[in-house]
Amino acid sequence: MDIPSKYNAQTVENKWYNYWMEHNYFNSTPDDREPYTIVIPPPNVTGVLHMGHMLNNTIQDVLIRRARLLGKNACWVPGTDHASIATEAKVVAKLKAQGIDKNELSREEFLKHAWDWTEEYGGVILEQLKKLGCSCDWDRTKFTMDDDMSEAVIKVFVDLYNKGLIYRGYRMVNWDPEAKTTLSDEEVIHVEKQGLLYYLEYNIEGTLDKLTIATTRPETIFGDTAICINPNDERFSHLKGKNAIVPICGRVIPIIEDDYVDVEFGTGCLKVTPAHDENDKVLGDKHNLKVVDIFNDDATLNAYGLHYEGQDRFAARKAIAKELENSGILVKTENHINKVGTSERTKAVIEPRLSDQWFLKMEDLAKPAIDAVLKTGDVKLFPKKFENTYRHWMENIRDWNISRQLLWGQQIPAYYYGPGKDDFVVAESLEEALILAKKRSDNEALTTKDLKQETDALDTWFSSWLWPMSVFDGIRNPENEEIKYYYPTNDLVTGPDILFFWVARMIIAGYEYKDQRPFENVYLTGLVRDKQRRKMSKSLGNSPDALKLIDDYGADGVRVGLLLSSAAGNDLMFDEDLCQQGKQFANKIWNAFRLTQGWEVDETLNQPDSSKVALKWFEAKFQKTVLEIEDHFSKYRLSDALMATYKLIWDDFASWLLEIVKPAYQQPIDAETLNHVSQIFEDLLKILNPFMPFITEEIWHYLKERSPREALIIAKWPDAKPVDEDLISEFEFATEVVSGIRNIRKQKNIAFRDALNFSIINNENTSDKFDEVIAKLGNLDTLTYVNEPVDGALTFRVKSNEYFIPIEGAIDVESEIKKLSEELKYTEGFLKSVQKKLSNERFVNNAPEQVVASEKKKEADALAKIETIKGSLASLE
């Protein structure tokens, strides 16, 4: 068998991914097995693979591959999200580059461009996930704008409307002037920004009096429709019932009274702009004030802005402040830190705006979802700390603004049959809408041409909140075989940044439409940051090219690198060196495999006792580690599960077991040992396979010729067996003895080829099971048990056992005595300084507990070392 000397990740990865695809290992259909289901958090159809995706999907693939090995019917559903705002922005930019204005296109024309763009560029990320080794059932790939998915969204909208939970309202909403659409409260990020507080003087009509107000937005004076004072503020009692004159525009506005005004903030006088501030809108409604909207949809000033019409709000602010200053109206400015709402998607500063929008009542819908996470535990969050975040959001939930002023997305199924705001019906189709419209309007002469569909599209999250159900057609056909078999799903792996946007809403939808949780466990990954703890971003240039990492380190190496640095819910400090560590691990496994395959077998040889006991020890250690790994998996500590596997292979298998069983140079090995090592290798490949699927599958097929039905991807996870803890403990003791022998060889420059005599005073009454192992690894000529110290020997201790290595001829005795004497003198001096510190009561009483404990340990270590050095000197003198 020709085994390459070096592991070639690229060749291996392409070969086995194609093999897995060719034999449909990723495909799943309902059968008699226990299902294990994951739905992918659908990445934006516009997206390309970044480090967050790499981490998230590596974790999902580890879980799904392990489920296959456990004999479950593993189903991982992939797909993409239509991402209304992001996709529409890219299509608009492409059209602009071609000299086409979106506003000059009909809805149908724009959507054709959007579909063309999606088909050309969309789904790239799914192809990239294959490079990482993701074993999704690609035949199930869904897109949130697929016809069946859109039908489900429309069906849910109509159902919730008919239940009285969706309504149309004229409300203050979050307006993104760049995307030119509303956003839900959750899509607005509040950022602290340094700004100014402008103090402006307003004249009082018919008098020489003035009043001063403080505002952060002088451009909004054009929308002022009142000045408000606190009725209990005696400073302004003379202004009651009077009018003020708005600077520049000269509008006469009433001075109203309301105890909403904080007499301590600013000047105690408040300008009221109902069109551009939520609190002002409440005041305006209470006092029947006029509403003056001064902005266009792109946040430039409209005709109400007079000579500033067409100027951007921020440019206008500077110009207006200058005019107010020149006319003596701007009294002063002060620095002021303000929390400014910004769009999560476009980063534009949000403009509060009054608009007719569609809303979903959330308070009652949210109750089962609150109970599922916080009371019954039907849905578990890992780590548990995120329950507090979940509680805060869910117990302060507001109605969800689900309409967006976009073309790309599911069009709201409301149909207007008349000029009034309430002259509409909601239906799944135009034909059904006509029937309802005739009945509601009492006009049988209506035709479909008389109906005009709502132009707004639905929020993208309104489609993705149905994802775990709609991918199995559970909304349109709630009793179909697939939804009954695969739902509820098992695990969801996602980021805490969309815990409310997506996770909570899916739980809400699951209980509303299936009366069941959508998933049992939610594994929340951390954010991927660089070594300086900065979030990775294109603008900082600190986000590595994901595909280049795979090219450089292999998919297995990158998967290991990501998982070694990732604990659930904690931010991942990504370091490329960890991918290098992953690559080195792959090379270590490959070299261990090549070593075992290079051994010549002699069928006539008996199995050495050292090999026999070492193999028994490794079986026990393997079983113990498998139990640890399973415990880590049950708690979603995947990095700990990987590290336990890593140490078992690197330390226990490669560094100990193979060293014990390997034959002497150019000598054969017995068949029983080699067969047992091969079996152990197979079991190691099984537990490593979920983490490193490519190299493990490669070695699996080298170990033995296998049919497609015997591939590692569908092998059986090792069975749990009783663990011999005593054997493990005895071996650990033996390794300390071997380390002691190796240390003496190293310190005294005694070559390994020089066999040593070895004596033991067995005060610990330890078993002699591993004596053959100690003798082989230490290259001992003799190993004897004695009752008295051996003269003329080097010595070391393991616990209370004493070990002796006679050194006749091996070293220069005089030189060794001198060296040990110097070491003794230094150690006694060190001990004296430590004990002096510990005898100081002030130090012991005032120093931190761990500092005192550290000093006491130094004292104990020094005393033990002095005893050992004195023993060595006594044996030499």
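The criterion of being of a type in the set (A, V, I, L, M, F, W, C), over 26 Å from the mean Cα position of the chain (by Cα), crowded, with 18+ Cβ neighbours inside 10 Å and closer than 26 Å to Ala509 by Cβ holds for Val153. Hey, among the residues in the range 758-773 that are touching a strand residue (DSSP E or B) at 6+ places or on another chain (Cβ under 7 Å) and under 15 Å from Glu802 (Cβ atoms), which one's surrounded by the fewest Cβ atoms within 10 Å (Cβ to Cβ)? The extreme case among them is Asn763.
Go through the range 713-735 and report how many residues are surrounded by fewer than 15 Cβ atoms within 10 Å (Cβ to Cβ), of a type outside the set (Gly, Ala, Ser) and touching a residue at least 24 places away in the same chain (Cβ under 8 Å). Spell out how you get there, then give the answer.
Going residue by residue through the range 713-735, those that are surrounded by fewer than 15 Cβ atoms within 10 Å (Cβ to Cβ) are 716, 719-722, 725-726, 729, 732.
Going one step further and asking which of them are of a type outside the set (Gly, Ala, Ser), we end up with 716, 719, 721-722, 725-726, 732.
Pick out the ones that are also touching a residue at least 24 places away in the same chain (Cβ under 8 Å) and you get 716, 721-722, 725.
Count: 4.
The single residue among Leu63, Leu70 that is of a type outside the set (Lys, Arg), under 23 Å from Tyr485 (Cβ atoms), open to solvent by 60 Å² or more (accessible area, probe 1.4 Å) and modelled with pLDDT of 95 or more turns out to be Leu70.
Can you name the residue in the range 531-554 that is surrounded by 17 or more Cβ atoms within 10 Å (Cβ to Cβ) and under 13 Å from Met51 (Cα atoms) and is also modelled with the lowest pLDDT among such residues? Among residues in the range 531-554 that are surrounded by 17 or more Cβ atoms within 10 Å (Cβ to Cβ) and under 13 Å from Met51 (Cα atoms), the one modelled with the lowest pLDDT is Met536.
Can you tell me how many residues in the range 424-442 are part of a loop (DSSP other than H, G, I, E, B) and at pLDDT 95 or above?
Going residue by residue through the range 424-442, those that are part of a loop (DSSP other than H, G, I, E, B) are 427-429, 442.
Restricting the remaining residues to those that are at pLDDT 95 or above gives 427-429.
Total meeting the criteria: 3.
For Ile699, the criteria (1) over 39 Å from the mean Cα position of the chain (by Cα); (2) crowded, with 23+ Cβ neighbours inside 10 Å hold in every case but one, which is (1). Reported count of residues in the range 423-455, each being without any contact (Cβ under 8 Å) to a residue 40 or more places away in the chain and either of a type in the set (S, T, N, Q) or open to solvent by 40 Å² or more (accessible area, probe 1.4 Å) (or both), is 20.
Within the range 642-674, the set of residues being free of Cβ contacts under 8 Å to residues at least 40 places away in the same chain and within 42 Å of the chain's Cα centre (by Cα) comprises Ala644, Lys647, Leu648, Asp651, Asp652, Ser655.
Do the conditions hold for Asp371, that is, is it closer than 30 Å to Ile507 by Cα and open to solvent by 30 Å² or more (accessible area, probe 1.4 Å)?
Yes, satisfied.
Which residues, taken from the range 473-509, are at pLDDT 95 or above, touching a helix residue (DSSP H, G or I) at 6+ places or on another chain (Cβ under 8 Å) and in a loop (DSSP other than H, G, I, E, B)? Matches in the range 473-509: Asp473, Gly474, Ile475, Arg476, Asn477, Pro478, Tyr487, Pro488. Would a scan of the range 618-631 turn up a residue that is in contact with a strand residue (DSSP E or B) (Cβ under 7 Å, 6 or more places away or on another chain) and touching a residue at least 12 places away in the same chain (Cβ under 8 Å)? No, because not a single residue in the range 618-631 is in contact with a strand residue (DSSP E or B) (Cβ under 7 Å, 6 or more places away or on another chain) and touching a residue at least 12 places away in the same chain (Cβ under 8 Å). Could you please give the count of residues in the range 180-203 that are over 27 Å from the mean Cα position of the chain (by Cα) and open to solvent by less than 20 Å² (accessible area, probe 1.4 Å)? Qualifying residue count for the region: 5.
Listed conditions (1) within 18 Å of Ser872 (Cβ to Cβ); (2) more than 55 Å from the chain's Cα centre (by Cα) are all met by Asn763, apart from (2).
Go through Ala114, Ala67, Ala74 for me and flag whichever is over 30 Å from Gly541 (Cβ atoms) and within 21 Å of the chain's Cα centre (by Cα).
Details: Ala114 fails: within 21 Å of the chain's Cα centre (by Cα); Ala74 fails: within 21 Å of the chain's Cα centre (by Cα).
Result of the check over Ala114, Ala67, Ala74: Ala67.
Any residue at all in the range 72-83 that's within 23 Å of Trp465 (Cβ to Cβ), of a type in the set (A, V, I, L, M, F, W, C) and in a helix (DSSP H, G or I)? Within the range 72-83, not a single residue is within 23 Å of Trp465 (Cβ to Cβ), of a type in the set (A, V, I, L, M, F, W, C) and in a helix (DSSP H, G or I).
Condition check ((1) of a type in the set (D, E, K, R); (2) buried (at least 20 other Cβ atoms within 10 Å of the Cβ); (3) assigned to a helix (DSSP H, G or I)) across all residues:
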| position | (1), (2), (3) |
| --- | --- |
| Lys612 | yes, no, yes |
| Leu627 | no, no, yes |
| Tyr636 | no, yes, no |
| Leu642 | no, yes, yes |
| Leu658 | no, no, yes |
| Gln666 | no, no, no |
| Thr673 | no, yes, yes |
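For the range 510-526, which positions are of a type in the set (S, T, N, Q) and modelled with pLDDT under 95? Walk me through how you get there before you give the answer.
Just the residues of the range 510-526 that are of a type in the set (S, T, N, Q), to begin with: 516, 521, 525.
Across the range 510-526, the qualifying residue is only Thr525.
The condition of being touching a strand residue (DSSP E or B) at 6+ places or on another chain (Cβ under 8 Å) and aliphatic (A, V, I, L, M) does not hold for Ala644. Which residues, taken from the range 92-107, are under 20 Å from Thr46 (Cβ atoms) and open to solvent by 70 Å² or more (accessible area, probe 1.4 Å)? The answer is Lys94, Lys96, Ala97, Gln98.
Filtered by the rule that a residue be over 20 Å from Ser875 (Cα atoms) and either of a type in the set (Val, Ile, Thr) or touching a Leu at 6+ places or on another chain (Cβ under 7 Å) (or both), the range 820-830 gives no residues.
Candidates in the range 730-761 are the residues that are touching a helix residue (DSSP H, G or I) at 6+ places or on another chain (Cβ under 9 Å) and among the acidic types (Asp, Glu); of these, the one that is nearest to Ser610 (Cα to Cα) is Glu730.
Residue-by-condition table, conditions (1) hydroxyl-bearing (Ser, Thr, Tyr); (2) part of a loop (DSSP other than H, G, I, E, B); (3) open to solvent by 10 Å² or more (accessible area, probe 1.4 Å); (4) farther than 21 Å from Ile189 by Cβ:
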{"residue": "Glu264", "(1), (2), (3), (4)": "no, yes, yes, yes"}
{"residue": "Ala275", "(1), (2), (3), (4)": "no, yes, no, yes"}
{"residue": "Ala319", "(1), (2), (3), (4)": "no, no, yes, yes"}
{"residue": "Asn335", "(1), (2), (3), (4)": "no, no, yes, yes"}
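With a requirement of 3 or more residues that are touching a Ser or Thr at 6+ places or on another chain (Cβ under 6 Å), the helices (runs of 4 or more DSSP H) lying completely within the range 692-809 that satisfy it span 771-778. With respect to being part of a strand (DSSP E or B) and in contact (Cβ under 8 Å) with a residue 40 or more places away in the chain, Leu160 falls outside the description.
In this structure, is Glu855 open to solvent by 60 Å² or more (accessible area, probe 1.4 Å), assigned to a helix (DSSP H, G or I), charged (D, E, K, R) and farther than 30 Å from Thr766 by Cα? The answer is no for Glu855. If you check Ser800, Ser875 for being within 30 Å of Asp768 (Cβ to Cβ) and modelled with pLDDT under 85, only one passes: Ser875.
Taking the conditions exactly as written (in contact with a Phe, Trp or Tyr (Cβ under 6 Å, 6 or more places away or on another chain) and either surrounded by fewer than 19 Cβ atoms within 10 Å (Cβ to Cβ) or touching a residue at least 12 places away in the same chain (Cβ under 8 Å) (or both)), does Gly223 satisfy them or not? Can you show your working first?
On the way: in contact with a Phe, Trp or Tyr (Cβ under 6 Å, 6 or more places away or on another chain): no; either surrounded by fewer than 19 Cβ atoms within 10 Å (Cβ to Cβ) or touching a residue at least 12 places away in the same chain (Cβ under 8 Å) (or both): yes.
It is false that Gly223 is in contact with a Phe, Trp or Tyr (Cβ under 6 Å, 6 or more places away or on another chain) and either surrounded by fewer than 19 Cβ atoms within 10 Å (Cβ to Cβ) or touching a residue at least 12 places away in the same chain (Cβ under 8 Å) (or both).
Taken as a whole, the range 20-37 holds at least one residue that is within 30 Å of Tyr485 (Cβ to Cβ), open to solvent by less than 20 Å² (accessible area, probe 1.4 Å) and assigned to a helix (DSSP H, G or I).
The values are calculated or read from the model by the stated rules, or taken from the named source; none is laboratory data. Model, not experiment: these values are computed from the prediction. Virtual Cβ from ideal backbone geometry, glycine too; neighbours counted across all protein chains shown. These area figures cover heavy atoms from the full protein model, side chains too; ligands, DNA and RNA do not enter into them. Shrake-Rupley method; radii C 1.70, N 1.55, O 1.52, S 1.80 Å.
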